[in-house]
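Data block below; observations after.
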Amino acid sequence: MVIQATNESNAWESFVDFVASELEASRRAYDEVTQMIERSQVELTRLTQRNANINAHLQQLHNQFESVPRSDIRVVYDSALDAQRRLLVMRSQVEKLQNDQAHLEKYINLLERVQSFLTEGSLAGGKRGGNSGMAMLEKLIDAQETERQKLSRQMHDGPAQDLSNFIVQAEIASRLFDLDPLKAREELESLKNAAMATFQKVRLFIAGLRPMMLDDLGLFITVQRYGETFSSETGAEVNVITRGAQQRFVPYAEVMIFRAIQELMNNAYRHNQDTLRKLSIEVFLEVGDQFVRVVVRDDGKGFDVHQLQESSGLGLRLIRERVEMLGGTVDIDTAPGQGCRVTLQIPLSNITL
């Protein structure tokens, strides 16, 4: 018993040290990313001006196309392509850095909350506290790894495959340039279009990781816009209803609530694609005097709750764990042939800024 208590005490101390070191490292990383964003913004402004100047030069050459030597046109055209490429790369870099900054901010807020629990003794002391702390750490790591695996699959099946195709197209265009300039130009145009399409995919992945709108405009508008986008992409009928003061919450709570709504809507669509009639999804988001309440309801085929409890449905399990970490509750009301309604209720005092 003494050995067990000592081991648990050591585990608890290790957890406390881990949170402190992670918080310090994350704050340093956040400051470094912020500085990189500032420098990149300056470079982006310079490249934007350079691109505008080259485009203006191209327009002049276009007006004097017959009198300008082909070699001069080629030089300006190559410069324009290089400027556009550099501008595209820099824009992507800025967006990636901003996304990294947003993720670090979310992680820092979460670590600060965990550290606050430890300092204030919100987690029971001694053995129970150690067990609770390690359980929380395990949940955080599981959730993080799940998101990383999902992104890894998306990147492998999407942009990574596209990039390998770009290499092939670039080699083809290079070999054709002296033999058949017209065909080489067609290959380059195709390559440019494919690159732009892949760039849009990457932007969608970034938005999926953390919508910038969530930081700028808050939870309510983000959920409403997501409902509109979801409806146009899936064909499902989506109705988003909000009630109460459209206030801001702590960042990690806004992300958690948005992710829960996103997961529940995707679940509803994924499990009802084989139905013949149009799926209807209703999202209800309410801020009351004491609680934030979220209800996601669909008129799909429903399911047996007991089978859900026996399955390894990671999405709903993570939602429940995250809501409970905020002191909230999750209720699932469904049955075969009767649709599904999931209700989340979170104490307002735990997530208010």
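Per-peptide packing, taken as the mean over residues of other Cβ atoms within 10 Å, places 49-56, 259-266 in the sequence 259-266, 49-56 from highest down. Mean projection of the alpha-carbon convex hull of the stretch 223-353 over all orientations, in nm²? Averaged projected hull area, Cα only: 7.7 nm².
Could you give the alpha-carbon Rg of the stretch 208-272 over 2.2 N^0.38 Å, rounded to two decimals?
Details: Rg = 11.9 Å, N = 65, 2.2 N^0.38 = 10.7 Å.
Dividing the Cα radius of gyration by 2.2 N^0.38 Å gives 1.11.
Would you mind working out the accessible area per residue for the stretch 271-353, using a 1.4 Å probe, and quoting it in Å²?
Numbers: 4640 Å² over 83 residues.
Roughly 56 Å² per residue, with all protein chains present.
For the stretch 215-255, the solvent-accessible area of protein heavy atoms averages 49 Å² per residue (probe radius 1.4 Å; ligands and nucleic acids excluded).
The values are calculated or read from the model by the stated rules, or taken from the named source; none is laboratory data. Everything quoted here is computed from the prediction, not taken from an experiment. With ideal geometry, Cβ positions are generated from the backbone for all residues, glycine too; neighbour counts draw on all protein chains shown. The area values use the complete protein model at the heavy-atom level, side chains included, leaving out ligands, DNA and RNA. Shrake-Rupley method; radii C 1.70, N 1.55, O 1.52, S 1.80 Å.
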